[in-house]
1. Could you give each residue of segment 3-9 its phi-based ³J(HN,Hα) in whole Hz, using Karplus coefficients 6.51, -1.76, 1.60 with θ = phi - 60°, and x for Gly or Pro?
2. Just to check I understand the Karplus step: with θ = phi - 60° and J = 6.51 cos²θ - 1.76 cosθ + 1.60, what whole-Hz values come out for segment 87-104, glycine and proline as x?
3. With loop defined by DSSP as not H, G, I, E or B, and exposure as at most 12 other Cβ atoms within 10 Å, which is the longest segment of the chain clear of exposed trypsin sites (Lys or Arg not before Pro)?
4. How much length is gained if the chain between Glu45 and Glu58 is pulled fully straight, taking 0.36 nm per residue apart and subtracting their Cα-Cα distance, in nm to one decimal?
5. May I ask you to derive the FRET efficiency for Asp107 and Met77 from their Cβ-Cβ distance with R0 = 25 Å, giving the value to the nearest 0.05?
6. With N denoting the number of residues in segment 13-108, provide Rg(C-alpha) divided by 2.2 N^0.38 Å, to two decimal places.
7. With the contact rule set at Cα under 8 Å and sequence spacing of 6 or more, what percent relative contact order holds for the chain?
8. With r defined as the distance between the Cβ atoms of Glu9 and Val84 and R0 fixed at 41 Å, what FRET efficiency is calculated, to the nearest 0.05?
Amino acid sequence: MSRYFIGPEERSHHTIFPGVEIFTAAGDRLMLSLVVFEPHAVVEEHSHPHEQAGMVLEGRAHFFVGDEDRILGPGDMYRIPGGVPHRVVALEEPVKALDVFHPVREDYL
């Protein structure tokens, strides 16, 4: 196990909703998460105290954050303050997004 590099076997893996998987790695104060959506998969509305920011890497998804919504594609970024309700719906193709959380989400370790 490397102190600085995280191989696939060292990442945590969770299915958080049907068709939505995450792969995570954490430091002391932040967490990186690769989110993989099957077409039409949904992250149901939820909120958490953690600050979250991210970028869509592949595919397109409809993001609902607070009282705003937008369809995002590759290269589009988003930020979600702690406590703000949010939901994501993948469109017709698989989606990959990269999320960063602060502080670390213990439930994803």
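The numbers here are math on the coordinates, done by the rules we state, and not lab data. Since we're looking at a predicted model, the values are computed, not measured. Reconstructed Cβ throughout: ideal geometry from the backbone, glycine too, with neighbour counts over all protein chains shown.
1. So the J values, rounded to whole Hz, are 6, 10, 10, 10, x, x, 6.
2. Going residue by residue, I get 8, 9, 10, 5, 8, 6, 10, x, 10, 10, 9, 10, 10, 10, 10, 9, x, 4 Hz, with x marking Gly and Pro.
3. Values: sites that count: Arg3, Arg29.
Answer - 30-109.
4. 2.5 nm
5. Taking R0 as 25 Å, the efficiency between Asp107 and Met77 is 0.55.
6. Numbers: Rg = 12.2 Å, N = 96, 2.2 N^0.38 = 12.5 Å.
Taking the Cα Rg and dividing by 2.2 N^0.38 Å, one obtains 0.98.
7. Details: 277 pairs, mean separation 35.9, N = 109.
With pairs under 8 Å counted, the relative contact order is 33 percent.
8. 0.75
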